[in-house]
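The values are calculated or read from the model by the stated rules, or taken from the named source; none is laboratory data. The structure presented is a predicted model; accordingly, all values stated were derived computationally and were not measured. Don't worry about glycine lacking a Cβ; one is built from the backbone with ideal geometry, like all the others, and counts go over all protein chains shown. Please note that ligands, DNA and RNA were not included when accessible areas were found on the heavy atoms of the full protein model with its side chains. Shrake-Rupley method; radii C 1.70, N 1.55, O 1.52, S 1.80 Å.
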Amino acid sequence: MSRFNPHFPNAAQVFDAADKFKQRCLLNQESLFLDGQTLWTAEHFQALIDNYVKQPDVGDGGFYDKLASQLATCQALDVALMAEVFWIVQLGPTNLRAPTKAKTLERIWNMKPAAPFPSASPFLAAPVLSGLGSAGPGYNQYLWMEIVFAVEAFSAFVTKPRSEREALLNDAQAFAAWLDSVPSGKGRQLYHTLCHVLFPDAFERIFSQGNKYQVARAHKIWTPALGESRPAMDTALQDLRKRLEVQHPGSVDYYELPVGTLIKQQGVHPGKVANKAAGSPDDTTDPAPLSAHEPDPEYDVEAATNAQPTLRLADNLILYGPPGTGKTYEMQARMKEAFDKGEDFAFVAFHPSYAYEDFIGGLRPVAAKDGSGVAVIFQKGPFLMLCEKAHANPTQQFTLFIDEINRANVAKVFGELITLIEPSKRVIAGSKVNEAGAWVTLPGLSARFGVPDNLNIVATMNTADRSIAMMDIALRRRFRFQECPPEPKRIEPAMVGAIDLPALLQRLNDRLEYLLDRDHAIGHAVFMGVNSLVELQQVLAQRVIPLLQEYYFEDMEKVRLVLTGNGKDSVFFKSRSLSPSELFPGAKQAVGTEARPAFSVGEPSTWNEAHIMGLYGAAPVAAPPPASTGDTPTEGAGTTNSAG
């Protein structure tokens, strides 16, 4: 069962306190710390909503200093309720140690004490406050938002009839679905901590949505639908646990072997540190690996209580290079890494008709709900939707992957967001509109918008694509560029018979750079996986020569020169002269008298090893076979030019 906790021996006492909290506060609506005092009522919660939720303090100063100012006009019992809300918010996480939790609760209580602080309360005992697992540093950095969610959720809960409250507290999945429906809970970690604390047999001890994604993906149960519903994810994880319990009965924990999906192989578990300090028999035991969300034994909890999120340096990256150099391969590798780490991401491909309305959002016709016609509504694009997810989940990392970014008019696609995507113009994810960062009003949105700092952008750019204009200089300044050049040494297999594929590619690219530029090259991917002469013939005929034709706009003389290194006919190219005097007799003034060459690609099946080796100087390029009778040009078709 998911209440199994190999790292924190006081888990049973934490769960017992949570059960009493459900009965005492959520059902009986009594105070947790003041015996016999009615407190968890709509009236007292309304005071917290009016003074805390509706009056956020986004200015300078620590969280608790600002909280004291917000609660200054509240009654003493309202402040006591805030202290008890803080208790349940911090009950599961171990980011604050038990003494610090008690000290902080006393600090909030004494902002306007309803009675002497009940330090002897069993709910303030060290084992109860010791927690169940770390929620990560972001939990305290965004603590004010977690408490907003807690106040609004519990305020809505206590207004329900007792019978409805009992039904929810007796049905873990129903409670989770209700909690997930509270608007301010979108992206909040309290959803995960509260569900596990109140229903330890139904919800995993995983306090991060990203880590739940990571577990689902690692165990191959992930579906996109799980990313859209936290309750659905939790149900899937419980089904997974049932299967894992068959293999490892009574020992399934994602932060501990034998499952250990979330183990981070570094550091020493704090439990081991405590044992050594106490001189326990476990002193000689090897240090246990520190899991990804267990607390660091040296964690500065006092500093964390007033920690404020700071602007993170977002990464805007463009992978650029000629076709076939591994740009898309590198981007796919980054996508897989993000997937395996439980991160959220989106993928879009730019094209010449891609527009602002597709990327950011715009008006779109849709069928009316009553089926009577067409309605025009504002539909958000992938960038805007991912930004909203990133704002709602400020402790997670998000990435937007863009393929072929320079195939669209980037200035029109990004619009005003060209300024906002710059790392220095980003806003702290989850923050309200303030002077920090750049905020704009977007069409279709009532609130001002800023690009969050937990959203990275990774794009590819084909430097040889002549179908688009030069990239906007403003966009160039906002991205860092990583070149993906051709790497002949990466070709596998390197040899096809006696043909040295890396040498062949290098020679072709050297000719291209000399005659054209280094942006127009042939990528090593073109020759990857070529295992036979027949396959190489097809690659040269169907990929290399067409690409050269693209580069030189059908200037076949240059194509022949790049491929063969000379201007003579060979098995690769044949040429013939088109004479205007033969083709257009009597039309000298209209077409002129200058003859023009016509080229045709040789039959690939005739290209042998010696021919192809000759392309990079390893053997002479063979002359074409003598023309047969059937090759004699017909009247008006020109004559053969043996000099090329």
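Here are some notes:
- Extension gain from E416 to D465, taking 0.36 nm per residue of separation minus the Cα-Cα distance: 15.1 nm
- The length gained on full extension between L583 and E550, counted as 0.36 nm times the residue separation minus their Cα-Cα distance, comes to 9.1 nm.
- Cβ-defined net charge surrounding F449, 13 Å radius [Lys, Arg +1; Asp, Glu -1]: +3
- Neighbourhood charge, 11 Å Cβ-Cβ cut-off, centred on S130 and excluding it, Lys, Arg +1 and Asp, Glu -1: +2
- Value of Rg to Rh for the stretch 1-116, rounded to two decimals, is 0.99; Kirkwood radius and Rg both from alpha-carbon coordinates.
- Summed over all non-identical Cα pairs, the Kirkwood treatment of the stretch 487-535 gives a radius of 11.1 Å.
- Label-point gap, in nm, between N608 and K160 - each point 7 angstrom along Cα→Cβ: 8.4
- When nucleic acids and ligands are ignored and a 1.4 Å probe is applied, M528 ends up with an accessible area of around 80 Å².
- Summed over the residues of the chain and divided among them, the accessible surface reaches 45 Å² per residue at a probe radius of 1.4 Å.
- log10 of Debye I(q)/I(0), alpha-carbon scatterers only, for the chain at 0.08, 0.10, 0.11 Å⁻¹: -0.76, -1.00, -1.12
- Cα principal axis extents for the stretch 197-262, largest first, Å: 30, 27, 18
- Assigned charges on the beta-carbon of Lys, Arg, Asp, Glu; the stretch 126-220 dipole about Cα centre (debye): 260
- Shape of the stretch 405-544, Cα gyration tensor, a/c cut at 1.5: prolate
- Relative intensity, log₁₀ I(q)/I(0), of the stretch 120-279 from a Debye sum that treats every alpha carbon as a point, q = 0.10, 0.17, 0.20, 0.21 Å⁻¹: -0.43, -1.19, -1.47, -1.53
- Ranked by the mean number of other Cβ atoms within 10 Å of their residues, highest first, the peptides 537-544, 76-83, 577-584 fall in the order 76-83, 537-544, 577-584.
- On the chain, 53 percent of the accessible area sits on carbon and sulfur atoms, based on a 1.4 Å probe.
- Note on the chain: with charges restricted to the Cβ of Lys and Arg (+1) and Asp and Glu (-1), its dipole about the Cα centre is near 440 debye.
- Inter-site label distance for V591 and K380 at 7 Å from Cα along Cβ, in nm: 6.3
- Charge dipole of the chain about the Cα centre (unit charges at C-beta), most positive-ward option of Y142, A392, A68: A68
- Potential lengthening between K568 and I473 on full extension [0.36 nm per residue; Cα-Cα distance subtracted]: 29.9 nm
- Where the Cα pairs of the stretch 113-206 fall when distances are cut into 10 Å bins, in %: 14, 38, 38, 10
- Residue-level accessible surface for T38, protein heavy atoms, 1.4 Å, Å²: 80
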